[in-house]
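S.K.: Quick one: the structure is below, questions incoming.
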Amino acid sequence: MSEAAVVDASPLIYLAHANLIDLLRVASLQILVPMTVSREIRRRSATDPTVQALDNTPWLREVEPGPDSPRVVLWALGPGETSVLSWSLAHPGSLAILDDLAGRRCAEALEIPLIGTLGLVLRAKSRGDLPAARPVVERLREAGMYLSDSVLSRALALVGE
């Protein structure tokens, strides 16, 4: 488990809509939400589960992201991914939680530790926090997360399902 984790909008949205926001806790006890991401989420209706999670989950801490890293800006990512990865670069030892493929490639190139929504489920299953990963992933798919059947099958095989 990392010291702190910083999360992008899509994992927050999928987890909140699937009523699985607590899965973020497998990454860290301290989950940071850059204000760039928070503002993106707060453009949604006040009744949206993600907005509700930001308002009612004490361990989700909104933070000013600080300046964007020029090394991340070169990748021309969205503002949320840029702030998450810039935060992670500025705070060694923190974990980036994001799903965006271009953002993941940037994190890998810059050697930023990262995990995605699916990785959170697999980690929870591996730690024994979940009896099975498949039903959780199916809930996430119902909440709008796209996963191809082949990616899902390979991921579930990693945890013996």
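S.K.: Among L77, L85, which is the only one that is under 20 Å from M145 (Cα atoms), surrounded by 15 or more Cβ atoms within 10 Å (Cβ to Cβ) and in contact (Cβ under 8 Å) with a residue 12 or more places away in the chain?
M.R.: L77
S.K.: Which condition number in (1) under 30 Å from S153 (Cα atoms); (2) open to solvent by 50 Å² or more (accessible area, probe 1.4 Å); (3) of a type in the set (D, E) is the one that D55 fails?
M.R.: With respect to (1) under 30 Å from S153 (Cα atoms); (2) open to solvent by 50 Å² or more (accessible area, probe 1.4 Å); (3) of a type in the set (D, E), D55 is out only on (1).
S.K.: Count, please, the residues in the stretch 26-39 that happen to be modelled with pLDDT under 95 and not in a loop (DSSP other than H, G, I, E, B).
M.R.: Number satisfying all stated conditions: 1.
S.K.: Check R154 against each of (1) open to solvent by 60 Å² or more (accessible area, probe 1.4 Å); (2) touching a residue at least 24 places away in the same chain (Cβ under 8 Å); (3) assigned to a helix (DSSP H, G or I) and name the one condition it does not meet.
M.R.: Among (1) open to solvent by 60 Å² or more (accessible area, probe 1.4 Å); (2) touching a residue at least 24 places away in the same chain (Cβ under 8 Å); (3) assigned to a helix (DSSP H, G or I), the lone unmet condition for R154 is (2).
S.K.: Give the residues of the stretch 1-44 that are in contact with a helix residue (DSSP H, G or I) (Cβ under 7 Å, 6 or more places away or on another chain), open to solvent by 10 Å² or more (accessible area, probe 1.4 Å), farther than 20 Å from V136 by Cβ and not acidic (D, E), sorted by residue number.
M.R.: T36, R42, R44
S.K.: Could you please find all residues in the stretch 119-149 being of a type in the set (A, V, I, L, M, F, W, C) and farther than 30 Å from P70 by Cβ?
M.R.: V121, L122, A124, L130, A132, A133, V136, V137, L140, A143, M145, L147
S.K.: Report yes if I31 is within 20 Å of G144 (Cβ to Cβ) and within 11 Å of the chain's Cα centre (by Cα), otherwise no.
M.R.: Judged against the criteria, I31 is not a match.
S.K.: Listed residues A102, A90, A96; which is in contact (Cβ under 8 Å) with a residue 24 or more places away in the chain, surrounded by fewer than 16 Cβ atoms within 10 Å (Cβ to Cβ) and under 15 Å from the mean Cα position of the chain (by Cα)?
M.R.: On inspection, the qualifying residue turns out to be A102.
S.K.: Now a separate question. Is it fair to say P65 is crowded, with 20+ Cβ neighbours inside 10 Å, in contact (Cβ under 8 Å) with a residue 12 or more places away in the chain and not in a helix (DSSP H, G or I)?
M.R.: It is true that P65 is crowded, with 20+ Cβ neighbours inside 10 Å, in contact (Cβ under 8 Å) with a residue 12 or more places away in the chain and not in a helix (DSSP H, G or I).
The values are calculated or read from the model by the stated rules, or taken from the named source; none is laboratory data. Quantities reported herein were computed from a predicted structural model and do not represent experimental measurements. Cβ coordinates were reconstructed from backbone atoms using ideal geometry, including for glycine residues, and neighbour counts include every protein chain displayed. Please note that ligands, DNA and RNA were not included when accessible areas were found on the heavy atoms of the full protein model with its side chains. Shrake-Rupley method; radii C 1.70, N 1.55, O 1.52, S 1.80 Å.
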